[in-house]
1. Condition first: part of a helix (DSSP H, G or I) and at pLDDT 90 or above. Can you find one or more residues in segment 85-107 that meet it?
2. Determine if segment 36-57 includes at least one residue that is in contact with a helix residue (DSSP H, G or I) (Cβ under 7 Å, 6 or more places away or on another chain), under 18 Å from residue 17 (Cβ atoms) and not in a loop (DSSP other than H, G, I, E, B).
3. Filtering segment 10-31 down to residues that are over 29 Å from residue 89 (Cα atoms) and assigned to a helix (DSSP H, G or I), which residue is modelled with the lowest pLDDT?
4. Considering segment 65-76 alone, what residues qualify as being in a helix (DSSP H, G or I) and free of Cβ contacts under 8 Å to residues at least 24 places away in the same chain?
5. Within the set of pairs 6 or more residues apart or between chains, which connect a residue that is touching a residue at least 24 places away in the same chain (Cβ under 8 Å) inside segment 38-49 to a residue that is crowded, with 16+ Cβ neighbours inside 10 Å and in a helix (DSSP H, G or I) with Cβ atoms less than 6 Å apart?
6. Every residue in segment 33-79 that is exposed (fewer than 13 other Cβ atoms within 10 Å of the Cβ), under 19 Å from residue 90 (Cβ atoms) and under 11 Å from the mean Cα position of the chain (by Cα), please.
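The values are calculated or read from the model by the stated rules, or taken from the named source; none is laboratory data. Being a predicted model, the structure only gives us computed values, none of them experimental. Glycine also receives a Cβ, built like all others from the backbone with ideal geometry; neighbour counts cover every protein chain displayed.
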């Protein structure tokens with residue numbers, strides 16, 4: 001009888017799912033920021049999305065491998081930091097603007 005009561009207790013994981021949600025939120029926020037950027041071309045944004053997806057997957061892999069609350073927190077924090085560092089390049093548009101300005105100043 002006591003064993004049945006013990007077996008009936010279900011543990012609920014709280015730390016990893018919460019960390020996973022935080023990583024997802026950081027990912028979605030950064031993706032929206034990249035999408036809203038007018039300084040990048042579509043191709044530059046696509047390259048950033050690819051990098052962003054890789055960072056999210058890496059964060060999830062590290063979260064899955066974490067076995068303690070402290071390790072989960074570290075994996076989450078490192079994952080969010082890596083996600084937040086992803087930025088779309090802005091070289092194509094800025095180079096084009098610089099070239100236009102150069103041509104205009106030559107006149």
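1. No: segment 85-107 contains no residue that is part of a helix (DSSP H, G or I) and at pLDDT 90 or above.
2. Yes, that holds for at least one residue.
3. 15
4. Selection gives 65, 70, 71, 74.
5. Close Cβ pairs (under 6 Å, with a partner that is crowded, with 16+ Cβ neighbours inside 10 Å and in a helix (DSSP H, G or I)) amount to 45/34; 48/34.
6. Correct list: 50 only.
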